[in-house]
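For reference, the structure I am asking about is given below.
The values are calculated or read from the model by the stated rules, or taken from the named source; none is laboratory data. Quick caveat: nothing in here was measured; it's all calculated off a predicted structure. Note: ideal-geometry Cβ built from the backbone for every residue, glycine included; neighbour counts use all protein chains shown. Side chains are part of the model used for accessible areas, which takes the heavy atoms of the whole protein and leaves out ligands, DNA and RNA. Shrake-Rupley method; radii C 1.70, N 1.55, O 1.52, S 1.80 Å.
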Amino acid sequence: MDKRVALVTGGSRGIGRAIAIALGQDGLFVVVNYTSNEGAAAETLAKIKEAGGDGALARFDVADAAAVDAAVKQIGTEHGRLDVLVNNAGIAIDGLLMRTKKEDWQRTLDVNLSGAFHCCKAASRYLLKAKDGRIINISSVVGEQGNAGQVSYAAAKAGLIGITRTLARELASRAVTVNCVAPGFIETDMTAAHVQGDNREALLKQIPLGRIGAAEDVAEAVRFLVSPKASYITGQVVRVNGGLLM
């Protein structure tokens, strides 16, 4: 297969959908991962094709290491390559420390942090063979500055930054770049409860650019990091937050 192949986890909606569409527009074959919402994933794939791209669906839970290994192996078998991995899959189970249940803490880390680890490990055997392998981890502004009520989410997103910098050093000798994109407040289903009413007005006062971000804002940063123009950038955290954190 001549086209570069990208796997975007959590690609059925929100930021993942925008990333998948952008990469499809750039000529990559995009494998859209989802866990349960097949209808939404199919809609993402349809939008990729409407934009002139191509792709496929892959249903698996990134928290399940065996399922990740099997899915990535299938991609490698069917397409003979995997050039780009975007670790976007994530969940948020919010709550103050004293009210956070152990199982909620664990599930958040299993998906947001261990999920990225499983995918990086499984994909690395193919990325190392690519001429311009790319890993993009989607972190968050709260991974750098914290946020009350999101102890597990913040911990997982901070961990992604550590994974990014470590793998950037490990894989650099084979020309694989590893970078992190850290969005601020972006209009998605996940953030809907945080960007409405009075909360929205309070947030806007904190953001120098004066607006909540769009999923496409994040996708454009990923699109650049995946492109040949970013071949000398690795181990970095690209903040897409309107100036919320500088």
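Residues that are open to solvent by 40 Å² or more (accessible area, probe 1.4 Å) and at pLDDT 95 or above, at least 2 per element: which helices (runs of 4 or more DSSP H) completely within region 126-223 meet that?
The helices (runs of 4 or more DSSP H) meeting that bar are 142-145, 151-171.
Taking the condition of being part of a loop (DSSP other than H, G, I, E, B) and buried (at least 24 other Cβ atoms within 10 Å of the Cβ), how many residues in region 1-17 meet it? Lay out the reasoning, then the answer.
First, the residues of region 1-17 that are part of a loop (DSSP other than H, G, I, E, B): 1-4, 9-13.
Restricting the remaining residues to those that are buried (at least 24 other Cβ atoms within 10 Å of the Cβ) gives 9-12.
Going through region 1-17 one residue at a time, the tally reaches 4.
Hey, another quick one. Being more than 20 Å from residue 138 (Cα to Cα) and open to solvent by 10 Å² or more (accessible area, probe 1.4 Å) narrows it down to one residue among 58, 63, 51; which is it?
Criteria check complete, one pass: 51.
Let me ask something additional. Examine region 134-147 for a residue that is over 16 Å from residue 88 (Cα atoms) and touching a residue at least 24 places away in the same chain (Cβ under 8 Å), and state whether such a residue exists. Walk me through it before giving the result.
Of all residues in region 134-147, those over 16 Å from residue 88 (Cα atoms) come to 144-147.
Restricting the remaining residues to those that are touching a residue at least 24 places away in the same chain (Cβ under 8 Å) gives 144-145.
Looking for residues that are over 16 Å from residue 88 (Cα atoms) and touching a residue at least 24 places away in the same chain (Cβ under 8 Å), one finds at least one in region 134-147, hence yes.
Examine region 34-42 for a residue that is in contact with a helix residue (DSSP H, G or I) (Cβ under 7 Å, 6 or more places away or on another chain) and either outside any helix (DSSP H, G or I) or under 23 Å from residue 77 (Cα atoms) (or both), and state whether such a residue exists. Explain how you work it out, then say what you get.
First, the residues of region 34-42 that are in contact with a helix residue (DSSP H, G or I) (Cβ under 7 Å, 6 or more places away or on another chain): 34.
Narrowing further to those that are either outside any helix (DSSP H, G or I) or under 23 Å from residue 77 (Cα atoms) (or both): 34.
Yes: region 34-42 contains one or more residues that are in contact with a helix residue (DSSP H, G or I) (Cβ under 7 Å, 6 or more places away or on another chain) and either outside any helix (DSSP H, G or I) or under 23 Å from residue 77 (Cα atoms) (or both).
For region 109-126, what are the residues that are closer than 17 Å to residue 158 by Cβ and of a type in the set (Gly, Ala, Ser)?
Answer for region 109-126, where residues must be closer than 17 Å to residue 158 by Cβ and of a type in the set (Gly, Ala, Ser): 114, 115, 116.
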